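> I have a structure here, written as structure tokens, and I will follow up with some questions on it.
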Amino acid sequence: MQKFLNSIYKNILDIIFPIHCFGCGKNREDLLARDRWICPDCLLKINLRKEQVCPFCEKESEGGKTHFKCRDETSLDGLWVAAHYDKLVEKAVHDFKFKFFRGISHPLSGMMEKSLFEAEEFGDFQDMLLISSAKEDEEGIYMDEERNKKVETVMIPVPLHKRRYNWRGFNQSALIAQGVSDRLGIAVREDILMRVKNTKPQSKTSDGEERRKNIDNAFDCARPEEIKNKNVILLDDICTTSSTLNECAKELKKAGAKSVWGLVVARR
Ligand SMILES: [Zn+2]
Ligand SMILES: [Zn+2]
């Protein structure tokens, strides 16, 4: 009976709220709802980034590491960009944020995992992830809390200002972070970094100078004792320049973080 009711419930949901894949437009009723936003066929076609670049000068750099000459002591240590900003990714992220389709965080976090572990070369960032998550080999032990505690890597989604959070009802970066966390076994912390200034979206600023001013002192580390000597992975959906991530890195490093890397879906 329960099974019967569940299937009726599922069919009603499909009628009221069909999910059409962002790639091919099909409503793949044979799949779980969370796998329909971007169906497995279209997920395979997503243009993942083969090469990573320095977050600042955007020139080639192994594994997205910040060049020595581009950094100072509080800079972002590197940035991993999962995919190219093509039509499918753009639409998926847009509808996730502005049509409030929370389920899209599932394929986006899957895409991140795929890009990280199917990359041709493994750099410092993957090494850190592998140690932290204890994703050891093909058989992969994902969740090893003991090892995670020793290495102490935490994932922090770029926070939204309270007003924006209340408007959207969720932080899109936190949902993606949760998806990545479920896959890699690295804890997500949303109580460490706060956005204290209600900035306008970086994409609505006209130049580099305005961007820097807009984001200057926008964040505050509320719990420095929780971040001391830890590796931090900053999660964001799309990055325009690296100024938002770098501003977060500055606050976290001032609070004593050992390293701060950015992880984003795509770069505009
Ligand atoms: Zn599809
Ligand atoms: Zn550089």
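The values are calculated or read from the model by the stated rules, or taken from the named source; none is laboratory data. Worth saying up front: this structure is predicted, and the values here are computed from it rather than measured. Methodologically, a virtual Cβ is constructed for each residue, glycine included, from the backbone with ideal geometry; neighbour enumeration extends over all protein chains shown.
> Of the residues 53, 81, which is without any contact (Cβ under 8 Å) to a residue 60 or more places away in the chain and hydrophobic (A, V, I, L, M, F, W, C)?
Going through 53, 81 in turn, the sole match is 53.
> Are any residues in region 181-217 within 20 Å of residue 155 (Cβ to Cβ) and either part of a loop (DSSP other than H, G, I, E, B) or among the polar types (S, T, N, Q) (or both), and if so, which ones?
Looking only at region 181-217, we keep the residues that are within 20 Å of residue 155 (Cβ to Cβ), and these are 181-195.
Passing the criteria: 181, 185, 186, 187, 189, 190, 191, 192.
> Right, another one. Pairs needed: first member in region 20-43, within 16 Å of ligand 2 (Cβ to nearest atom); second member anywhere, at pLDDT below 90; C-beta distance under 6 Å; at least 6 residues apart or different chains.
none
> So, one more: Out of the residues in region 53-82 that are within 8 Å of ligand 2 (Cβ to nearest atom) and under 17 Å from residue 127 (Cα atoms), which is farthest from the chain's Cα centre (by Cα)?
So, considering only residues that are within 8 Å of ligand 2 (Cβ to nearest atom) and under 17 Å from residue 127 (Cα atoms), the one farthest from the chain's Cα centre (by Cα) is 61.
> Please give the helices (runs of 4 or more DSSP H) falling wholly within region 1-113 in which 1 or more residues are modelled with pLDDT of 90 or more, aromatic (Phe, Trp, Tyr) and in the same structural domain as residue 242 (by TED's automatic domain parsing). Write out each step before concluding.
Details: elements: 2-16, 40-45, 87-98.
By residue number, 87-98.
> If you take the residues of region 49-61 that are surrounded by fewer than 16 Cβ atoms within 10 Å (Cβ to Cβ) and of a type outside the set (Asp, Glu), which of them is farthest from ligand 1 (Cβ to nearest atom)? Even if it seems obvious, please write down each step before you answer.
Our first condition is that a residue be surrounded by fewer than 16 Cβ atoms within 10 Å (Cβ to Cβ); within region 49-61, this holds for 50-51, 57-60.
Filter again for of a type outside the set (Asp, Glu), leaving 50, 57, 59.
Working: 50: 22, 57: 36, 59: 34 Å.
Filtering region 49-61 for residues that are surrounded by fewer than 16 Cβ atoms within 10 Å (Cβ to Cβ) and of a type outside the set (Asp, Glu), the one farthest from ligand 1 (Cβ to nearest atom) comes out as 57.
> Something else about it: Identify, by number, the condition in (1) in contact with a helix residue (DSSP H, G or I) (Cβ under 6 Å, 6 or more places away or on another chain); (2) surrounded by fewer than 17 Cβ atoms within 10 Å (Cβ to Cβ) that residue 220 doesn't meet.
Unmet condition: (1).
> Could you check region 15-32 and list, in sequence order, the residues that are surrounded by fewer than 18 Cβ atoms within 10 Å (Cβ to Cβ), more than 8 Å from ligand 1 (Cβ to nearest atom) and closer than 19 Å to residue 93 by Cβ?
20
> Counting only residues that are of a type in the set (S, T, N, Q) and touching an Asp or Glu at 6+ places or on another chain (Cβ under 7 Å), how many does region 245-268 have? Steps first, answer last, please.
Here is the first cut: in region 245-268, the residues of a type in the set (S, T, N, Q) are 246, 259.
Filter again for touching an Asp or Glu at 6+ places or on another chain (Cβ under 7 Å), leaving 259.
Of the residues in that region, 1 qualify.
> Condition check: of a type outside the set (Asp, Glu) and surrounded by 19 or more Cβ atoms within 10 Å (Cβ to Cβ). Does residue 206 satisfy that? So that I can check it myself, show each step before the final result.
Values: of a type outside the set (Asp, Glu): yes; surrounded by 19 or more Cβ atoms within 10 Å (Cβ to Cβ): no.
It is false that residue 206 is of a type outside the set (Asp, Glu) and surrounded by 19 or more Cβ atoms within 10 Å (Cβ to Cβ).
> What is the number of the single condition among (1) more than 30 Å from residue 88 (Cα to Cα); (2) modelled with pLDDT of 95 or more that residue 230 does not meet?
Failing condition for residue 230: (2).
> Residues in region 67-97 that are over 22 Å from residue 249 (Cβ atoms) and among the acidic types (Asp, Glu): how many?
Here the count works out to 3.
> Restricting to region 218-239, name every residue that is in a helix (DSSP H, G or I) and of a type outside the set (Asp, Glu).
224
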